[in-house]
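What follows draws every value from the coordinates through simple rules; no lab data is involved. Model, not experiment: these values are computed from the prediction.
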Amino acid sequence: MSASGQQAGASHAASKTASTEHRYVVKRSDLPLSCPMPDMMLWNSHPRVYLPIEKTGKAKCPYCGAEYVLED
């Protein structure tokens, strides 16, 4: 950390912290679906896992338990 209390390179392109919600609604444009999703910060999360949601419209992450629902 620098003297100002900020880590170097602390700015992230990701806009959401991973695994902060338990239910996410996703669209077909979000496929292929992974948890954490590409717009989530990964620094404190589990490894990325791809979830099959296309057939049933629902998926649950085996790591964090987040539930995903596909919206048409």
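Gain in length, S29 to E54, computed as 0.36 nm per residue apart minus the alpha-carbon separation, to one decimal in nm?
Gain on extension, S29 to E54, equals 7.8 nm.
In summary, the aspartates and glutamates within cross-link reach of K58, defined as a Cα separation below 19 angstrom excluding same-chain residues under 8 places away, comprise E21, D30, E67, E71, D72. Dividing the Cα radius of gyration of the stretch 23-71 by its Kirkwood radius returns 0.93 for Rg/Rh. Taking amide H atoms as placed 1.01 Å from N in the peptide plane, the amide H of S34 lies under 5 Å from those of L51, each 5 or more residues away in sequence or on another chain.
Karplus-derived 3J(HN,Hα) values for the stretch 47-63, using 6.51 cos²θ - 1.76 cosθ + 1.60 with θ = phi - 60°, are x, 5, 10, 8, 10, x, 10, 4, 6, 9, x, 9, 8, 10, 6, x, 8 Hz; glycine and proline are entered as x.
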